[in-house]
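*Asks:* Got a structure here, written out as structure tokens. Questions coming.
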Amino acid sequence: MGTDCLFCRIVAGEIPATIVRETATTLAFRDIGPKAPVHVLVIPKEHYADVATLAQGDPALAGEVLATAAAVAEDEGLLGDGFRLMFNTGTHGGQEVFHVHAHVLGGAPLGPMLARNPA
Ligand code: 5GP
Ligand code: ZN
């Protein structure tokens, strides 16, 4: 995937981001519009559109994304009180950036998983 993907451009260093952890295959950086006291995005450096494509295409890389997310949670002091790990996927999932990313959210009680407002 080339220059039209926002997160590929962050991987390439073309767009600045506050990077909190990097491995050979993954990158973790702070969300530009944090929804919790801690809000970090974890991505594979290689482009996959969403978590389903990633998990089916390269399960080992999906595991590396999870391992990086866990390391971020530990670094951010979230293991004691807990945190939320979330992959918004597709239209109904509310995904806005189509380079798979795990949201690591924590630092305060996050409330119910979903608002109870059935369509
Ligand atoms: P999604 O809705 O696709 O699950 O989440 C996309 C996330 O990317 C949003 O939480 C949004 O705030 C974040 N985001 C969008 N553009 C940028 C950016 O340029 N830099 C960073 N660090 N985060 C971004
Ligand atoms: Zn990409």
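The values are calculated or read from the model by the stated rules, or taken from the named source; none is laboratory data. Keep in mind it's a predicted model, so treat the numbers as computed, not measured. Positions of Cβ are backbone-derived with ideal geometry, glycine not excepted, and every protein chain shown enters the neighbour counts. Protein only, heavy atoms only, side chains kept; ligands, DNA and RNA dropped before computing areas. Shrake-Rupley method; radii C 1.70, N 1.55, O 1.52, S 1.80 Å.
*Asks:* When the accessible area of the chain is computed with all protein chains present and a 1.4 Å probe, what percentage of it is carbon and sulfur?
*Replies:* 56 percent
*Asks:* When the helix-only estimate is applied to the chain (DSSP H runs of n ≥ 4, each -39,500 (n - 2.57), divided by the residue count), what is the mean residue ellipticity at 222 nm, nearest 500 deg cm²/dmol?
*Replies:* For the chain, the value works out to -8000 deg cm²/dmol.
*Asks:* So what's the gap between the Cα centers of the stretch 80-95 and the stretch 1-26, to the nearest angstrom?
*Replies:* Each part's Cα centre sits 20 Å from the other's.
*Asks:* Heavy-atom accessible area per residue, the chain, 1.4 Å probe: how many Å²?
*Replies:* On a per-residue basis, the chain sits at 59 Å².
*Asks:* Please compute the length gained on full extension between ASP4 and THR89, using 0.36 nm multiplied by the number of residues separating them and subtracting their Cα-Cα distance.
*Replies:* Separation in residues times 0.36 nm, less the Cα-Cα distance, equals 28.7 nm.
*Asks:* Can you tell me the dipole magnitude for the chain around its Cα centre, using point charges on the Cβ only (Lys, Arg +1; Asp, Glu -1), in Debye to the nearest 20?
*Replies:* 320 debye
*Asks:* Below 11 angstrom from the Cβ of PRO44, what's the summed charge of the other residues (Lys, Arg +1; Asp, Glu -1)?
*Replies:* After counting each charged neighbour, the total is -2.
*Asks:* Between exposed GluC sites (Glu not before Pro) in the chain, where DSSP calls loop and at most 15 other Cβ atoms lie within 10 Å, what's the longest gap?
*Replies:* Longest run free of exposed loop sites: 15-95.
*Asks:* Given a Förster radius of 30 Å and the C-beta distance between THR23 and ALA108 as r, what FRET efficiency does 1/(1 + (r/R0)^6) yield to the nearest 0.05?
*Replies:* 0.65
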